[in-house]
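The values are calculated or read from the model by the stated rules, or taken from the named source; none is laboratory data. Bear in mind that the values here come from a model prediction, so they are computed numbers and not experimental data. As a convention, Cβ positions derive from the backbone with ideal geometry for all residues, glycine included, and neighbour counts pool all protein chains shown. Calculation scope for accessible area: heavy atoms of the full protein, side chains included, ligands and nucleic acids excluded. Shrake-Rupley method; radii C 1.70, N 1.55, O 1.52, S 1.80 Å.
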Amino acid sequence: MTAEPLLRVREVSKRFGGVVALDAVTLDVPAGGIYGLIGPNGSGKTTLINVVTGFLRADAGTVIFAGTRTERLAPHEVARLGLCRTFQASLAPQRMTVLENMLLAAPRQSGESLSRAAFAGRAVAAEERANLDKARALLGIVNLAAKGDELAGNLSGGQRKLLGLAQILMAEPRLILLDEPMAGVNPILMAEISSVIRRLRDEGRNFLVVEHNMKFIRETCDQVTVLDAGRVIAEGEPGEVLGRDEVLRAYLARPKSETAAHG
Amino acid sequence: MIEFLVYLFTMAGIWGLMSLSLNLQYGLAGLVNLGHIVFFMLGAYVSTILVVLFDAPILLGMLGGIAAAALFGGLMALPTARLQQDYWGISTLAIAEIVRMIFLNTPLGSPYVGRAFGVSGIPRPLRGLFDDSSAYNLFYLAIVIVCLALTYLLVRWLAATPFGRTLKAMREGDAVPQALGKPVASFRLRAMMIGGGIGGLAGALFAHYNAYIGPEYFLPVETFIIWAMVILGGAGNFTGALVGTFIIMAIYNSTRFIAPWLHIDAQVLGPLRMIAIGVLIILVILFVPQGLVSERRRRYDR
């Protein structure tokens, strides 16, 4: 067997009243790749992301990230373990500048402690300078270098997605969860975001991506899991999984073989 | 006239502390505190009780008032973990009224002190050094200005630290700061404690200036006036909060000069100035929603 998976989801269930959002979902995200999570609307993808990142508490099951049980942790504790997420809608604070947003994301800032900020001002200032350099370098990668002092609220939708990506990189997570990075993004920018994600994968970053865009899943993901109605219905190589009957049925509500039989 | 101006500036300075404190909580951290006056009330009462009932030195009384208000701010922050912003806002309004009701119904030392009678004869710091009361008032104005200046520097500095940056992110929702590993509850607790302490300082300064306090000074409408100051001046900008404070205080106190010209009855005057402030706020929200001095962008590149 290969090394221990980075993220292990075991028999996780979550219901909202009478609706079963997740039904004993089990999933292993290995280190060193881009892992896709797909499924039709309402299949439980975002619920799973929310459970894994501590924003929702599962009714049952366990989540283990890098050897630590996380299903009872608060969101900021999960983030501090190195599991960071973006949001479907870009939520980056709009009344802060792009650089402020980036600095916000820097991990383990001693200046967040008031006593350190007051009595170790020099160390905090040095840390800020280092973070600022890093922030500028990351903004360069996502082509936002010229926008540093712009308010995030003044960016276009696509630029906000890029900012979200750069912000998450600033946090130096071990696993990056992207919730629909391609939603509402034009094809050119989509190619750009894909290439940034691939490049970062090649540098050793790990991704778990929730996405509807099949082109992205097919071309970029190393492995994919398909959710339908809160259950895992398929997993494996994207090329093979996306051709399976049950996956087509879930997405298009009709299997290929049936179409063939009628035709 | 000079006497009046000294009074106006002293009161504006004391209220300026309140609006700096609210601007820290609302303008920076997005905490909709509708019971902000409670810090002022606690600062005033606790300092008064320590000095009048327990013969504590005035400085110690004031520090006690600041500490009590800061602790109470921390207490108020606790339900934020469970309540959504708007529900929390309503609960703060109730909390402030509950505290006021307690003071309204509690005798302090004797049956005719405290309760609705309030407390009079609150000693004024270093009063003995001055023969002349107008010279003393000028001295007290200087104390207030020093406190205001130091607080202004403190909150400006806070806003520029990584701590302040996280507060600023939180005013647009908890999700992003949480996803980036920030313990938002701890940030809110600290913002409420610092804001509470500043409010307590304002209350203590007021009690020892006015020499009398009573429950009627701490009505919910006072919180509304602090909000008016912050919204008019510009939420998120500390200079703006002070500008707003000064304008509102000037309107509030100048109506007494206008009244004789307009032949308005004194009883109508009080409600009338509240109407004037209300109309002003509506105009500001409609035409200059960022306030007179809008929030400045922090620039790193040029």
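Given A:K134/B:K168; A:K14/A:K134; A:K45/A:K161; A:K161/B:K168, which pairs have Cα atoms separated by over 31 Å? Don't skip to the answer; put the middle values down first.
On the way: A:K134/B:K168 21 Å; A:K14/A:K134 39 Å; A:K45/A:K161 19 Å; A:K161/B:K168 20 Å.
Violating the 31 Å limit, Cα to Cα: A:K14/A:K134.
With the crude spin-label approximation of a point 7 Å out along Cα→Cβ, what separation in nm comes out for A:N154 versus B:A175?
Here the answer is 2.5 nm between the modelled labels.
Using the beta-carbon distance between A:R95 and B:V32 and R0 = 22 Å, what value does 1/(1 + (r/R0)^6) give for FRET efficiency, to the nearest 0.05?
Working: r = 16 Å, r/R0 = 0.72.
Given R0 = 22 Å and the Cβ-Cβ separation, E is 0.90.
Got a sec? Which residues in the stretch B:21-46 would a label at B:L60 touch, if it sits 7 Å along Cα→Cβ and we count backbone N under 20 Å?
B:43-46
Percent of accessible area on chain B owned by carbon and sulfur, 1.4 Å probe? Intermediate results must be reported in sequence, preceding the final value.
Values: 9290 of 13250 Å².
It is 70 percent, rounded to a whole number.
Picking from B:I248, B:P289, B:L93, whose Cα lies most toward the positive end of the charge dipole for chain B (charges on Cβ: Lys, Arg +1; Asp, Glu -1)?
Projecting each Cα onto the dipole axis, the largest value belongs to B:P289.
With +1 on each Lys and Arg Cβ and -1 on each Asp and Glu Cβ, how big is the dipole of the stretch A:44-168 about its Cα centre, in debye rounded to the nearest 20? Let's see the in-between values first.
Values: 16 positive and 10 negative charges, 32 e Å.
I would put it at about 160 debye.
Have a look at B:Y212, B:F40, B:V51 and report the one farthest towards the positive end of the charge dipole of chain B, computed about the Cα centre with Cβ charges (Lys/Arg +1, Asp/Glu -1).
Value: B:F40.
So with the 1.4 Å probe, I'd like the accessible area per residue for the stretch B:165-251, rounded to whole Å². Present the calculation step by step, with values, prior to reporting the outcome.
Working: 1930 Å² over 87 residues.
For the stretch B:165-251, the per-residue accessible area is 22 Å².
What does the net charge come to around B:T80 if you take all other residues with beta carbon closer than 15 Å to its beta carbon, with K and R at +1 and D and E at -1?
Numbers: positive: B:R82, B:R171, B:K182, B:R188, B:R190; negative: B:D86, B:D174.
After counting each charged neighbour, the total is +3.
How large a share of the accessible area of the stretch A:27-149, in percent, is made up of carbon and sulfur atoms when the probe is 1.4 Å and the other protein chains stay in place?
Details: 2590 of 4900 Å².
Here carbon and sulfur together make up 53 percent of the probe-accessible area.
Give me Rg over Rh for the stretch B:178-302, both radii from the alpha carbons and Rh done the Kirkwood way, two decimal places. Display every interim value, and only then the final one.
On the way: Rg = 18.3 Å, Rh = 17.2 Å.
Taking Rh as the inverse mean 1/r over Cα pairs, Rg/Rh reads 1.06.
With both bridge residues required to lie in chain A, what share of the DSSP beta bridges run antiparallel, to the nearest 5%?
Numbers: 20 of 36 bridges.
Percent antiparallel among DSSP bridges in chain A is about 55.
Let me have the 222 nm mean residue ellipticity of the protein assembly as shown computed from DSSP H runs of 4+ only, each contributing -39500 (n - 2.57), with the sum over all residues rounded to the nearest 500.
Details: 22 runs with 309 residues, N = 565.
So the helix-based figure for the protein assembly as shown works out to -17500 deg cm²/dmol.
Roughly how many debye, to the nearest 20, is the charge dipole of chain B about its Cα centre, given +1 on each Lys and Arg Cβ, -1 on each Asp and Glu Cβ, and no other charges? It would help to have the intermediate numbers written out before the result.
Working: 19 positive and 13 negative charges, 201 e Å.
Using only the charged Cβ atoms, the result is roughly 960 debye.
Largest first, what is the accessible-area ranking of B:W261, B:W88, B:W227 with a 1.4 Å probe? Please list the in-between numbers first.
On the way: B:W261 195, B:W88 0, B:W227 30 Å².
Descending accessible area places them as B:W261, B:W227, B:W88.
Checking an interface number: how much accessible area is buried between A and B, summed over both chains, with a 1.4 Å probe, in Å² rounded to 100?
Values: alone 13080 and 14820 Å², together 24870 Å².
Buried: approximately 3000 Å² between B and A.
Nearest 20 debye, what's the magnitude of the dipole of the protein assembly as shown about its Cα centre given +1 on Lys and Arg Cβ and -1 on Asp and Glu Cβ? Please list the in-between numbers first.
Working: 51 positive and 43 negative charges, 100 e Å.
About 480 debye.
Have a look at the DSSP beta bridges in the protein assembly as shown and tell me what percent are antiparallel, nearest 5.
Antiparallel: roughly 60 percent of the beta bridges in the protein assembly as shown.
How much length would be gained if the chain were fully extended between A:S13 and A:A120, taking 0.36 nm per residue of separation minus their Cα-Cα distance, in nm to one decimal?
Details: separation 107, 0.36 × 107 = 38.52 nm, distance 4.63 nm.
Roughly 33.9 nm would be gained on extension.
Ignoring everything but the protein chains, give the 1.4 Å probe accessible area of A:E192 in square angstrom, nearest 10.
60
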